[in-house]
Amino acid sequence: MGNVKKKLVAGAVLCSVFVTGAFAGGTAINATMRPDIKVNVDGSTKTFYDAKGTQVYPISYNNTTYLPIRAIGGLMGKTVGWDEATQTISLDTPSSNNAATYGRTNPAPVGTQQTVKITGYISNYTATLTVVDVDRGDSAWEKIKAANQFNSKPDDGMEYILAKIKATVVATEDDKAVDFSNYSFDVYSATNVEYSAFAAVVKPSPEFSGKVYKDGTLEGYAVFMVDKTDTAPKIVYGASYDGSGGIWFSLSK
């Protein structure tokens with residue numbers, strides 16, 4: 001697997017040149033986007049996204065298939081960075097709680113992947129999570145209402161946030177499955193007050209809910225209810241009972 005990863009990384013650099021044109025002195029090429037090509041890793045089909053959460057695909061050039069550099073980083077469990085001044089791509093091992101970059105006062109932007117390591121009496125696992133997209137207010141309500149005609153409107157002065165969330169299990173203890181759901185997150189206001197009201201509605205399909213084993217990925221919708229005047233609500237995954245730890249995500253674009 002190590003040699004395969006090295007070859008993929010080398011190929012990904014060429015792919016990045018084609019897609020972004022970021023490198024000075026790069027040579028323009030004609031390549032073909034290949035959404036028909038699937039990438040299986042240890043029997044699990046992988047889906048790749050760019051920094052904005054848009055799905056990306058392999059590229060074929062001169063009888064060779066390449067993957068975007070961000071896809072390579074995901075396969076290696078690395079975070080991908082770009083330094084414009086030095087024209088340098090970096091692949092780094094993320095910290096277990098991303099504390100150096102994101103946190104309660106600086107939640108990760110929409111489309112940003114974070115890694116969390118959970119250690120407890122019941123479960124021990126490592127996972128990556130991303131809030132892929134968010135929808136809010138009337139637009140979110142129309143989609144929630146379409147999911148089930150009996151869904152209730154949000155409480156007075158409140159509105160729904162429909163969030164598309166992606167989670168991948170990187171490692172688990174004794175091959176145990178990780179159970180994800182809407183209940184996996186705590187919701188806080190911009191002023192750091194927890195929302196007690198729960199959005200008891202049928203979610204649009206696919207719902208962010210299910211058990212996932214190592215190398216498995218779950219992607220679906222979760223619904224949160226926040227104050228209409230709250231300009232910067234946020235959610236946390238994996239926080240301790242006293243509110244410490246966990247990884248924080250912004251619910252605002």
Query raised in the report: Which of the aspartates and glutamates could a cross-linker bridge to Lys211, judged by Cα under 17 Å and excluding same-chain residues fewer than eight apart?
Result: Glu173, Asp174, Asp175, Asp179, Glu219
Query raised in the report: Tell me, in nm to one decimal, what length is gained between Met33 and Ala85 on full extension, where the rule is 0.36 nm per residue of separation less the Cα-Cα distance?
Result: 15.8 nm
Query raised in the report: For the range 55-60, what does the Karplus curve 6.51 cos²θ - 1.76 cosθ + 1.60, with θ = phi - 60°, yield as ³J(HN,Hα) per residue in whole Hz, taken in order and with x for Gly and Pro?
Result: 5, 10, 10, x, 10, 9
Requested in this report: Please check which bits of the range 116-147 a label hung off Ala171 would reach, taking the label as a point 7 Å along Cα-to-C-beta and the cut-off as backbone N under 18 Å.
Outcome: 116-129
Requested in this report: Any aspartates and glutamates with Cα under 12 Å of the Lys253 Cα? List them, leaving off those in the same chain fewer than 8 positions away.
Outcome: Asp133, Asp135
**Report entry** For the range 120-253: accessible area per residue (Å², 1.4 Å)
**Finding:** 51 Å²
Query raised in the report: Across bins of 10 angstrom width beginning at 0, how are the C-alpha pair distances of the range 185-239 distributed, in whole percent?
Result: 21, 44, 28, 7
Query raised in the report: Counting pairs of Cα atoms in the range 126-242, how many percent are more than 23 Å apart?
Result: 31 percent
Query raised in the report: What shape does the range 119-187 have by the C-alpha gyration tensor, where a ≥ b ≥ c are the square roots of the eigenvalues, rounded means a/c under 1.5, and otherwise prolate means a/b greater than b/c and oblate the rest?
Result: prolate
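The values are calculated or read from the model by the stated rules, or taken from the named source; none is laboratory data. Because the structure is a prediction, the values reported are computed rather than measured. Using ideal geometry, Cβ is built from the backbone for each residue, glycine included, and neighbour counts are taken over all protein chains shown. The protein model used for the area step is the full one, side chains on, heavy atoms only, and it has no ligands, DNA or RNA in it. Shrake-Rupley method; radii C 1.70, N 1.55, O 1.52, S 1.80 Å.
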